Amino acid sequence: MSDIVVQRGVPAAGVPAPASLRRWAEAALKRKGELTIRIVDEDESRALNHRYRNKDKPTNVLSFGYGEKGVLGDLVICAPVVAREAGEQRKPLRAHWAHMVVHGCLHLQGHDHEDDKDAEAMEALEIRIMEKLGFPNPYQER
């Protein structure tokens, strides 16, 4: 089991319990190590996205891998963006949270979606993990 720390920079309302966040991360992780999941507001997400990705807007999930032995990295998940996206995409909020954790963990392990082939492989893996967790295909149109 990995050492997964959950930090909240926002009120708990609408944010899944730390135990759920940890369980979803464990389902996506192939290797053990330290992982921090930080839940933030739009201001913090925007600032981090601007600083590290040169995009001046909040985003759903940012992944920061450090390449150190025993350290998987950090996930930064923006609660308001996740809630808004779930509504816009007509997805259950809990399912979208799980998807953001799984998606971020896969990025920490080297998966990406920069080209069509990589995107297809990553999406297929996400779908399998989400189904094992009891959630529907996150890419299925609603």
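The values are calculated or read from the model by the stated rules, or taken from the named source; none is laboratory data. Computed from a predicted structure; not experimentally measured. Because the Cβ atoms are built from the backbone with ideal geometry, glycine has one as well, and the counts that use them run over all protein chains shown.
Summary of computed values
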{"item": "Any hit, the range 76-89, residues being in contact with a His (Cβ under 8 Å, 6 or more places away or on another chain) and of a type in the set (Val, Ile, Thr)", "result": "yes"}
{"item": "Of all residues in the range 75-99 being of a type in the set (Gly, Ala, Ser) and either in contact with a Ser or Thr (Cβ under 6 Å, 6 or more places away or on another chain) or under 15 Å from residue 10 (Cβ atoms) (or both), the one that is surrounded by the most Cβ atoms within 10 Å (Cβ to Cβ)", "result": "79"}
{"item": "Given (1) assigned to a helix (DSSP H, G or I); (2) under 20 Å from residue 33 (Cα atoms), number of the condition residue 125 does not satisfy", "result": "(2)"}
{"item": "Residue list for the range 11-49, restricted to those being of a type in the set (Lys, Arg) and modelled with pLDDT under 95", "result": "30, 31, 32"}
{"item": "The listed residue being crowded, with 20+ Cβ neighbours inside 10 Å, over 26 Å from residue 13 (Cα atoms) and either of a type in the set (A, V, I, L, M, F, W, C) or without any contact (Cβ under 8 Å) to a residue 60 or more places away in the chain (or both), out of 72, 62", "result": "72"}
{"item": "Boolean, residue 52 is of a type in the set (Ser, Thr, Tyr), farther than 23 Å from residue 137 by Cβ and modelled with pLDDT of 95 or more", "result": "yes"}
{"item": "Which listed residue, of 77, 129, is over 14 Å from residue 30 (Cα atoms) and modelled with pLDDT of 95 or more", "result": "77"}
{"item": "Subset of the range 83-142 (residues that are in contact (Cβ under 8 Å) with a residue 24 or more places away in the chain and of a type in the set (Asp, Glu))", "result": "85, 126"}
{"item": "Residue in the range 17-44 that is surrounded by the most Cβ atoms within 10 Å (Cβ to Cβ), counting only those that are charged (D, E, K, R) and assigned to a strand (DSSP E or B)", "result": "38"}
{"item": "Hey, residue 134 of a type outside the set (Asp, Glu), part of a helix (DSSP H, G or I) and either closer than 19 Å to residue 19 by Cα or modelled with pLDDT of 95 or more (or both) or not", "result": "no"}
{"item": "Residue match in the range 65-88 (condition: part of a loop (DSSP other than H, G, I, E, B) and under 21 Å from residue 140 (Cβ atoms))", "result": "no"}
{"item": "Hits in the range 33-59 (condition: in contact (Cβ under 8 Å) with a residue 40 or more places away in the chain and either more than 20 Å from residue 112 (Cα to Cα) or of a type in the set (Phe, Trp, Tyr) (or both))", "result": "39"}
